[in-house]
Amino acid sequence: MTHDIGKEQPHSTISAKISKNEHASVVTGDANTDVVNSTTSELQTILAILKGNIGSGCLALPWAFSILGIPLGCLITFILTFLVGYNSWSLVLLKRKIWGWQRGITYSDVGERAFGKDFRVVVDVSVILLQMAICTVYFSNIGENLSSVFRQTMNPPSYDDDGGGGGGSTADATSFFVDLFCDRRTVMILLFPPILWLALLPNLKSLAPSVALATILMALTFVLIGLVVVVNWTDGLAEWRDNHTTLQDFIAEIDWGFVPMATCAIMFSLEGTQLILPLESSMTHPERFKPVLIKSMIIISCVFCVFSSLCVVAFGDVDDGSITAFLLGDRSELAHADGGDGTFASYCSSSQILLLTNVIASLSLVFTYPLQLFPAIDLACQIVAAKGKVNARSSEVNNSQEAMPLTSAMDMDASYDAASDCTISKKGEITKENHAREGNINNSMLREGDSIGLRSSLVITTFVVAIIVPQLQTLIALAGAVAGATTSLVLPPLLALQMTLLDRQSAIRSNTKILSGSESMWMCGMGQFFSQTVFYSSLLVVGCIYASLGTVYSIIDIISQYKS
């Protein structure tokens, strides 16, 4: 079948398209109805894209800009934002090319249409890895922030001084407990039970209060960081100007050995590619999505650059993957903020503000964790349920080939597929069944394939990886290289390249020439086919090299940390 690649169909034909295509309900499910009934304006879509990209990932950007320097950091940020934005738009065009204006199409649907059902699992696993990587960073970030709080509040003066304090065994005992609670791993172990409990909540409605609270807390975190930036701006700017008088000074500050990891930290912050198709479909006027996406990506890149540059100028080189933990650990450098002659010091000291900022940021991450994990849970449930159905059908076929007594056939009516938490009838129909042995929480889990074991395994995986990787900034770089680059830089050009090749083959078979529309990125004749193939192949190679370099450098850094 030949797809009209270049032409986007008029938005006015959406109703007709959906009514004609009876398979629409199969592809989109009940979500299609929900999306149509709850459309969004252009402003709401922009805010949703901003919210999906601007968040806790920004706390690592000052470290990345300290490695790259402000000019190179801004340049790389704009380049990565452009690539991510372009690849996101490519996914939208792929979706429109195949399904027209139909709503409810997902990233996985596009992958399945391009490469088949098996590749749908590849896309699903990539998104699962991205969401789990975000949750893993959250775990580590919480441990980093709260361990800094404990380090500042639990250390007595005698323990801080090299030769201070006496007390023999008492001092040793104090030192042991201080070291224990100041370890980020101890903090993560203590927070594991409540985070696991939040992840076991049955649905997003149960999380609504905590999600709202997390959003408020994260906004307050950035306000408090901005307050500390203002207090330290004058002295920080003077010092930064003294250290950057010539072009050579800007070049000399770049730590070239960590450049790949720093760029991956920026990539990690751009975590919203998987949201693009649902957001485009949910718009009241999806034909206006292109300018909405462009405006959103410009705002995101500007926010990243401004926030990171302000922090680097005000605080100097940031050597921690969490700006809040860094500031609390280096609060002695901010002593000039507590002079007592300004309005800031009349209310509280900078150290108190920083303690509060770390606690608020940590609470925000705790409450946001289950929200970030839910897409991974949903996709994992789909994979488990699909596998369970296949196994059930295979088992039914095998059993039907054997001579069975009547009692065995009756028993088959109630056969239980543990993988998908379903009762399977002799006709192969799937029905929901609650299982008392899983407890009340599992009884309220409505997803097919969902279970306490599945959710617990996802949470435990993020916890273990956060424990294993010793430094937050290394974990962020690894997450950006493995998960972020795969979903945003590798898969979109791969899908576009595959669809270009399929359409060319279809055109050759039908002996027709594929026409190009006003917004088309597709070929018209052999020359354009060749140029598009080279273009998408180049994007794919760039994405693969970027992901590979970031992964290798991150692993090398992890090994060196354990050796040291």
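The residues on offer are THR186, THR153, and the sole one that is closer than 20 Å to ILE460 by Cα, surrounded by fewer than 17 Cβ atoms within 10 Å (Cβ to Cβ), hydroxyl-bearing (Ser, Thr, Tyr) and at pLDDT 70 or above is THR186. When the range 231-250 is filtered for residues that are free of Cβ contacts under 8 Å to residues at least 60 places away in the same chain and within 32 Å of the chain's Cα centre (by Cα), nothing remains. You will find that of TRP233, TRP240, the residue that is surrounded by 13 or more Cβ atoms within 10 Å (Cβ to Cβ), within 18 Å of GLY73 (Cα to Cα) and modelled with pLDDT of 90 or more is TRP240 and no other. Being small (Gly, Ala, Ser) and closer than 19 Å to VAL110 by Cα is the requirement here; does SER301 meet it? In short, no. Taken over the range 304-348, the criterion of being surrounded by 18 or more Cβ atoms within 10 Å (Cβ to Cβ), out of contact with any Phe, Trp or Tyr (no Cβ under 7 Å at 6 or more places or on another chain), modelled with pLDDT of 90 or more and aliphatic (A, V, I, L, M) is satisfied by LEU310, ILE323. Within the range 32-48, the set of residues being exposed (fewer than 15 other Cβ atoms within 10 Å of the Cβ), closer than 14 Å to GLY104 by Cα and at pLDDT 65 or above comprises SER38 only.
Considering only the range 9-23, I want to know if a residue exists there that is at pLDDT 50 or above and surrounded by 13 or more Cβ atoms within 10 Å (Cβ to Cβ). Within the range 9-23, not a single residue is at pLDDT 50 or above and surrounded by 13 or more Cβ atoms within 10 Å (Cβ to Cβ). In the range 63-86, the residue that is farthest from SER308 (Cα to Cα) out of those that are crowded, with 23+ Cβ neighbours inside 10 Å and out of contact with any Asp or Glu (no Cβ under 9 Å at 6 or more places or on another chain) is VAL84.
For the range 108-127, check the following and say yes or no: at least one residue is of a type in the set (A, V, I, L, M, F, W, C), out of contact with any Phe, Trp or Tyr (no Cβ under 9 Å at 6 or more places or on another chain), in a helix (DSSP H, G or I) and more than 29 Å from ALA477 (Cα to Cα). Looking through the range 108-127, at least one residue is of a type in the set (A, V, I, L, M, F, W, C), out of contact with any Phe, Trp or Tyr (no Cβ under 9 Å at 6 or more places or on another chain), in a helix (DSSP H, G or I) and more than 29 Å from ALA477 (Cα to Cα). Quick check: anything in the range 194-204 within 29 Å of VAL303 (Cα to Cα), within 20 Å of the chain's Cα centre (by Cα) and either among the hydroxyl-bearing types (Ser, Thr, Tyr) or not in a helix (DSSP H, G or I) (or both)? No, the range 194-204 has no match at all.
The values are calculated or read from the model by the stated rules, or taken from the named source; none is laboratory data. It should be emphasised that the depicted structure is a prediction, and the values quoted were computed from it without experimental measurement. FYI the Cβ positions are ideal-geometry reconstructions off the backbone, even for glycines, and counts take in every protein chain you see.
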